[in-house]
Amino acid sequence: MDDGSTAGRLLVASPDLNDPNFERSVIYVIDHDEAGAIGVVLNRPADTEVDEVLPALAPTTAVPRVMFLGGPVSTQGIICLARARPGRQPNGFHHISGTLGRLDLEEHLEGAQSEVDELRLFAGYAGWGPGQLDGELIIDSWFICEVHPDDPLDRDPDTLWQRVLRRQGGRLARFAHAPVDADLN
């Protein structure tokens, strides 16, 4: 993007990124401006079923119907990503890209289920202070990739990192085959 923002795009962790919070992660960036950036990790499903936490949302939750670990910041809070039905604007929906947006659960729980095709719940988020993400991008900790409309609600999160890299082609596609521990190679 011309303004340097990665909002509405994916950050795919470089194989060299050794932070256990983000190793081989795919992050959907919700917001990125001069104040910093926030996003959610798309490929860290948890063991907690959504119907244990918010049973009213379980039928609308994308498969797998579990909570996701969105990142290490504010892990007691929940961020909801949703795909709005074409031509609809659900209560509490904050558009990010395409038909995807962040959904304010307090407003949504009051009854806009018919406005949303699917949603996903994330405990916590990934956050960067002013200039922090920009610095990580300069040292190639992350690859910026375009989001496919299905990525944020992907049904097979365990293989998302490899699949996103493979579809990039060229040099990035080769990283999809990088061993988890290069020292064992």
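The values are calculated or read from the model by the stated rules, or taken from the named source; none is laboratory data. These figures come from a predicted structure and were not determined experimentally. We place every Cβ from the backbone using ideal geometry, glycine too, and count neighbours over all the protein chains shown. The area values use the complete protein model at the heavy-atom level, side chains included, leaving out ligands, DNA and RNA. Shrake-Rupley method; radii C 1.70, N 1.55, O 1.52, S 1.80 Å.
Across the alpha-carbon atoms of the range 60-136, the computed radius of gyration and Dmax are 13.6, 42 angstrom.
Say R0 is 35 Å: what FRET efficiency, to the nearest 0.05, do THR48 and HIS177 get from their beta-carbon distance? Kindly include the intermediate steps, with their values, before the conclusion.
Working: r = 32 Å, r/R0 = 0.91.
It comes to 0.65.
Taking one quarter of the surface of the convex hull spanned by the alpha-carbon atoms of the chain gives a direction-averaged projected area of 11.0 nm².
Taking 0.36 nm per residue of sequence separation and removing the Cα-Cα distance, the LEU137/SER97 pair yields an extension gain of 12.3 nm. Each label point was placed 7 Å from the Cα along the Cα-to-Cβ direction; for THR75 and ARG163 their separation is 2.7 nm.
If you take the Cα centroid of the range 52-102 and the Cα centroid of the range 1-39, the two points sit 18 Å apart. Protein heavy-atom accessible surface, 1.4 Å probe, per residue over the range 64-185: 54 Å². Dipole check for the range 53-117: with +1 at the C-beta of Lys and Arg, -1 at the C-beta of Asp and Glu, and the Cα centre as origin, the magnitude is about 260 Debye.
Beta-bridge orientation, the chain: approximately 90 percent antiparallel, per DSSP, counting only bridges with both partners inside. Full extension of the chain between ASP33 and VAL63 yields a length gain of 7.7 nm, computed as 0.36 nm times the residue separation minus the alpha carbon distance. Only helical runs count toward this figure. For the chain, summing -39,500 (n - 2.57) over DSSP H runs of n ≥ 4 and dividing by all residues gives -3500 deg cm²/dmol at 222 nm.
Could you tell me the relative contact order of the range 27-101? Use alpha-carbon pairs under 8 Å, at least six residues apart, and round to a whole percent. Walk me through the intermediate numbers first.
Working: 77 pairs, mean separation 16.9, N = 75.
Reported as a whole number, the value is 22 percent.
For the range 38-146, applying the loop criterion from DSSP together with a ceiling of 14 other beta carbons within 10 Å to the GluC sites (Glu not before Pro) yields GLU110, GLU146.
Between SER114 and SER5, take the C-beta separation as r, use R0 = 35 Å, and let me know the FRET efficiency to the nearest 0.05.
E(calc), rounded to 0.05, equals 0.65.
Highest mobility in the GNM of the chain, judged by mean-square fluctuation with C-alpha springs under 10 Å and restricted to ARG102, ARG166, ARG24, is found for ARG166.
Taking every C-alpha pair closer than 8 Å and separated by at least 6 residues, the mean separation divided by the residue count of the chain gives a relative contact order of 27 percent.
The mean accessible area for residues of the range 1-60, using a 1.4 Å probe and ignoring ligands and nucleic acids, is 45 Å² per residue. Leaving ligands, DNA and RNA out of it, report the carbon-plus-sulfur percent of the accessible area of the range 48-185 at a 1.4 Å probe. Ligands and nucleic acids excluded, carbon and sulfur give 50 percent.
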